[in-house]
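Notes follow the structure.
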Amino acid sequence: MSSAVEACLQRFGETEPRIHAFVHFDPENALLLDAALIATGATGALVRTPIGVKDIFDTAGAPAERGSALYAGRIAETDAEVVRNLRAAGAVIVGKTVTAELAMAHPGPTRNPWDLSRTSGGSSMGSAAAVAAGVVPLAIGSQTNGSVIRPAAFCGVVGFKPSFGRLSRAGMFVTSETLDQVGGFARSVREAATLAAAMAGEPVARWWSGDPTPPKLAALRTGEWEHADDTTQKRFQADVDRLAAANGPIAWPAPPPELDDAQRVLRTIMLFEEARAMERDLRGRETLVSDITRGNLADGAAITDSVYREALRARDRFIEAFASWATPYDAILTPATVGEAPTPETTGDPRFCTRWSLLGAPAIVIPSGLGPNRLPLGLQLVAAPGDDRRLLAAAAWCEATLPPIGRPPL
């Protein structure tokens, strides 16, 4: 019987020419690491588990080009902290996955395993596709706006973004100090919890309760509801109805009204911080980035300090209001995307993720069905900041209650 690493290498060979999920893949090193783990009798929550790492996290001795010609040829000298923790848990890092340019908006080459004419999302597009295609069972991603939840939904896998600050960003390429958050991809909620715990260097029990008790749920369409297509709206209502049938009525509480300003506030903070983070490395080398990235950075440079500071104050108010509103519930159900994965000139619309990224709230998406083009749709669950363990237990119950969608035909 082949090992998980050997199966990973075989699946990489079968799928990579079509989905382009990796920018660097090192089969020889992966086999050597796997053999060393066997020889030493290593143990750990992820022992001998192959893992892909988004190419904005440093991995010692491997390329770390951040999806941009600005950093062509860059080799990381040390591991990012989450990578180091994964190695300590026995994981085998098999390669670096594609990121959108600078983890922003310009797409990379990755395609959706469910339909090669569609995007796998952004900016953690390679990580989501690699898990969906069965190359790796787990992968690291990150989210500034919607870059874990959206690609996971598009690819029919579980995507988990813990509360802001729960996972270290040391050794990660950070362009927005206020918003950038570490996340991950898996094939189940239980595996997502194990990955998060390993990245944190903590026991699984800190993240996973295993509590089978039906959760207390609320449902929320959000102010972005009108942007969801008809299929997404019907899918969301059907998911809520199915969960309610299994566990009694689900509340539809009115959220704090100021949260509908999240789109503007996040964009202000994100663009302001990205422009200043990239100013030095970009100076005189502007032609090395795409038009869309140049435009966004120019927009950010034009935002004044006073407008930025007011956006930060608004964020603080939103967090306080949301935490008070959300705490009575184990999880709040909400759409994940506006529809199925679009064509690959875009990474998709992140608007159903924006408010949760702004708040630093934990968010997870689970597959919940297929749309008219046989592409995945997902159900997003969120919770008050810090309530990651409650959220994961609620998501696992919902995952067990909703029907599975199967695997991509790739």
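The values are calculated or read from the model by the stated rules, or taken from the named source; none is laboratory data. Quick caveat: nothing in here was measured; it's all calculated off a predicted structure. Positions of Cβ are generated from backbone atoms using ideal geometry, with glycine treated the same way; all protein chains shown enter the neighbour counts. The area values use the complete protein model at the heavy-atom level, side chains included, leaving out ligands, DNA and RNA. Shrake-Rupley method; radii C 1.70, N 1.55, O 1.52, S 1.80 Å.
Overview of results
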| read-out | value |
| --- | --- |
| Any chance E65 is among the charged types (D, E, K, R), open to solvent by 10 Å² or more (accessible area, probe 1.4 Å) and under 25 Å from I292 (Cα atoms) | yes |
| A105, sole failed condition from (1) of a type in the set (A, V, I, L, M); (2) under 25 Å from L179 (Cβ atoms); (3) over 13 Å from the mean Cα position of the chain (by Cα); (4) at pLDDT 95 or above | (4) |
| Long-range neighbours under 8 Å by Cβ, at least six apart or interchain, first residue free of Cβ contacts under 8 Å to residues at least 60 places away in the same chain within segment 221-239, second crowded, with 17+ Cβ neighbours inside 10 Å and part of a helix (DSSP H, G or I) | G223/L259 |
| In segment 186-215, the residues that are closer than 17 Å to S163 by Cβ and among the polar types (S, T, N, Q) | S209 |
| Residue, farthest from F57 (Cα to Cα), within segment 102-149, restricted to residues that are outside any loop (DSSP other than H, G, I, E, B) and of a type in the set (S, T, N, Q) | S117 |
| Unique match (being farther than 29 Å from L70 by Cα and over 26 Å from the mean Cα position of the chain (by Cα)) among A302, A254 | A254 |
| Residue satisfying all of: in segment 233-278; surrounded by 15 or more Cβ atoms within 10 Å (Cβ to Cβ) and touching a strand residue (DSSP E or B) at 6+ places or on another chain (Cβ under 6 Å); farthest from N145 (Cα to Cα) among these | I250 |
| Pick from segment 198-245, criterion among the hydrophobic types (A, V, I, L, M, F, W, C) and either part of a loop (DSSP other than H, G, I, E, B) or touching a Lys or Arg at 6+ places or on another chain (Cβ under 7 Å) (or both), ranking: nearest to N373 (Cα to Cα) | A228 |
| Given (1) farther than 26 Å from A323 by Cβ; (2) modelled with pLDDT of 95 or more; (3) over 20 Å from the mean Cα position of the chain (by Cα), number of the condition P212 does not satisfy | (2) |
| Residues of segment 329-353 classified as over 26 Å from W397 (Cβ atoms), within 14 Å of the chain's Cα centre (by Cα) and among the hydroxyl-bearing types (S, T, Y), total | 1 |
| Count of residues meeting criterion [assigned to a helix (DSSP H, G or I), among the charged types (D, E, K, R), open to solvent by 50 Å² or more (accessible area, probe 1.4 Å) and in contact with a strand residue (DSSP E or B) (Cβ under 8 Å, 6 or more places away or on another chain)] in segment 18-47 | 1 |
| Filter result (among the polar types (S, T, N, Q) and open to solvent by 10 Å² or more (accessible area, probe 1.4 Å)) within segment 102-146 | S117, T144, N145 |
| Which numbered condition A193 fails, given (1) in a helix (DSSP H, G or I); (2) touching a Pro at 6+ places or on another chain (Cβ under 9 Å) | (2) |
| Enumeration of residues in segment 176-190 that are open to solvent by less than 60 Å² (accessible area, probe 1.4 Å) and assigned to a helix (DSSP H, G or I) | V189 |
| Single residue of T99, T15, T59 found to be under 30 Å from P372 (Cβ atoms), β-branched (V, I, T), open to solvent by less than 20 Å² (accessible area, probe 1.4 Å) and in a loop (DSSP other than H, G, I, E, B) | T99 |
